[in-house]
Amino acid sequence: TDRITSICCIGAGYVGGPTCAVIAAKCPEIRITVVDRDPDRISAWNSDSLPVYEPGLDALVKRQRNTNLTFSTDIDRAIDQAQLIFIAVNTPPMPHTHGSSSMGAKPDLSAVSECARRIARVSLTDKIVVAKSTVPCGACATIAGMLRDNGQKGVGFSVLSNPEFLSEGTAVRDLLHPDRVLIGGDDRVAQDKLKAVYMHWVPEPRILTMNTWSSELAKLASNAMLAQRVSSINSISAVCEAVGADIAEVARGCGSDERIGQKFLRPSLGFGGSCFHKDIASLIWLSESLGLPEVAEYWHQVLALNRFQIKRFVARILADTSREGGLSGLGGRRVACLGFAFKEGTGDTRNTPAADVCCELLRNGAKLSIYDPRVPRHHIVDKLAMSAASNCDIDSVSVCSDAYSAIAGSDIVVVLTAWSEFRQIDWEQALKLMSQPAYVFDGQVVLDHGRLEQLGFNVFSIGRAHVTTQ
Ligand code: NAD
Ligand code: UDX
């Protein structure tokens, strides 16, 4: 059996770009062409400023671009020349059916189907087609059916499921050192060919072959379980606040049990990002469509708890800051919002809890000064303007280029993303820049609360009993 020497990846996004850069770096004998229907994306990949920020990615892409990695809009040509084709296009949730109370949402597979039809039409030689996008159970079988029905006579297709587990902000590291690689399928020869690609750098025991359904479901289940851990610790954070326990201590106490483990127990304003909501919604939809409402309800609670965290954080800000002065709501008060990305280490704002908090604050009459080290100004404004359907007053928003200018003249500081640089802020200096009494609400449990209290701030943190100095 021939080894793979030519790969095409359809979809030059967060997944396609970094994944192919790593394959190119590790497999010098493989030529890789990453294609996309969006010409701006492709020119950005070919420019000095890549469309995706990831530590280590710039150097990797710039090195490989001159050798075995190409970014192109010529999709048909790349398909024609490849032995193996990754489908790494987006699979967003379908819009909610009007009136449906379910949190379930079927993923929109139209981009994946379009790729399958195009591969069928263009291919003149046998191809291995690999679903890298996150798809519902059964999607690979559907892709195989489309290829069979629309393909040229005599051309054979093997479809594999090879879901991606990278996290944003650590994509390159995750791709270089994956915990595991799943290769689902029923064609052993094709599975072995893809496995041989990964074996250039991934230890064999970490490459798991399995049937297609298991691989597809393991992806959804992994994200659902990770999100569930976040909702679990966040549910306990609400209890901590009420009884006087400290969530950091509780997390350490629980996580020290090796069966539970320390990772992914950071209390927060809830999970955001492009994957968790969508994949849980997909799992809920799947459970409902299989006639398993109890399973659907179980995962629904993970999403419900996630929303609760934001609701109670905003309620806390309102309750604490309207105690004195007789002001109702946040009318006219300036809130410095530190962080806007859905997590630290990235400029991505998809499903960011920060936007939900900002909108709630605006709705309650606050003026916002927002600072995030990675999110461009226009993304923040666009994101909030898009939520303006819910009556956000976008004129009350200013975006600042550093933390101190956001804090200057504000009454309240809220921490919305767990950027470690917020710990380095000179809080003594910050206090002088603020109106008094000064408040800090730490939604990501990143600041040194004892020190802030000593300085004279009123401090509230998720998961800690409430202490005020006033
Ligand atoms: P993305 O939106 O960043 O990129 C997808 C790209 O596909 C876009 O550039 C788009 O123009 C292109 N595209 C869409 N339809 C196309 C078509 N018919 N032909 C050519 N190009 C087309 O998405 P992403 O974040 O890279 O996610 C891709 C898939 O990987 C999704 O299924 C997602 O669930 C999954 N995934 C994402 C992550 C993550 O961290 N972002 C992690 C694991 C899995
Ligand atoms: C996630 C999965 O981790 C990854 O395996 C999958 O391929 C894509 O989805 P990502 O969304 O990039 O990756 O980020 P992740 O680090 O998982 O964080 C998701 C959200 O959960 C973020 O909003 C983060 O702030 C939050 N989170 C994470 C917590 O609130 N607490 C934690 O302990 C961990």
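The values are calculated or read from the model by the stated rules, or taken from the named source; none is laboratory data. All figures in this text were calculated on a predicted structure; none of them were measured in a lab. Because the Cβ atoms are built from the backbone with ideal geometry, glycine has one as well, and the counts that use them run over all protein chains shown. The area values use the complete protein model at the heavy-atom level, side chains included, leaving out ligands, DNA and RNA. Shrake-Rupley method; radii C 1.70, N 1.55, O 1.52, S 1.80 Å.
One table, with the values for the structure above:
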read-out	value
Condition met for I412 (hydrophobic (A, V, I, L, M, F, W, C) and surrounded by fewer than 19 Cβ atoms within 10 Å (Cβ to Cβ))	no
Inter-residue pairs, beta-carbon under 9 Å, first free of Cβ contacts under 8 Å to residues at least 40 places away in the same chain and among the small types (G, A, S) and in the stretch 330-342, second part of a loop (DSSP other than H, G, I, E, B) and open to solvent by less than 10 Å² (accessible area, probe 1.4 Å), 6+ apart	G331/A366; G332/A366
Every pair of residues 6+ apart whose Cβ atoms lie under 6 Å, when the first sits in the stretch 411-435 and is more than 22 Å from G365 (Cβ to Cβ) while the second is open to solvent by 60 Å² or more (accessible area, probe 1.4 Å)	T417/E344; A418/E344; W419/E344
Any chance G261 is within 16 Å of ligand 1 (Cβ to nearest atom), not assigned by TED's automatic domain parsing to the domain that holds A341 and not in a helix (DSSP H, G or I)	no
In the stretch 109-130, the residues that are of a type in the set (G, A, S) and more than 9 Å from ligand 1 (Cβ to nearest atom)	A116, A120, S123
Residue under evaluation S232, criteria (1) crowded, with 22+ Cβ neighbours inside 10 Å; (2) of a type in the set (S, T, Y); (3) assigned to a helix (DSSP H, G or I), criterion not met	(1)
Verdict on L447 being part of a loop (DSSP other than H, G, I, E, B) and either away from ligand 1 (no atom under 16 Å from the Cβ) or not aromatic (F, W, Y) (or both)	yes
Residue match in the stretch 278-292 (condition: of a type in the set (A, V, I, L, M), free of Cβ contacts under 8 Å to residues at least 60 places away in the same chain and open to solvent by 40 Å² or more (accessible area, probe 1.4 Å))	yes
Subset tally (residues that are under 13 Å from T134 (Cα atoms) and either open to solvent by 10 Å² or more (accessible area, probe 1.4 Å) or within 11 Å of ligand 2 (Cβ to nearest atom) (or both)) for the stretch 215-228	8
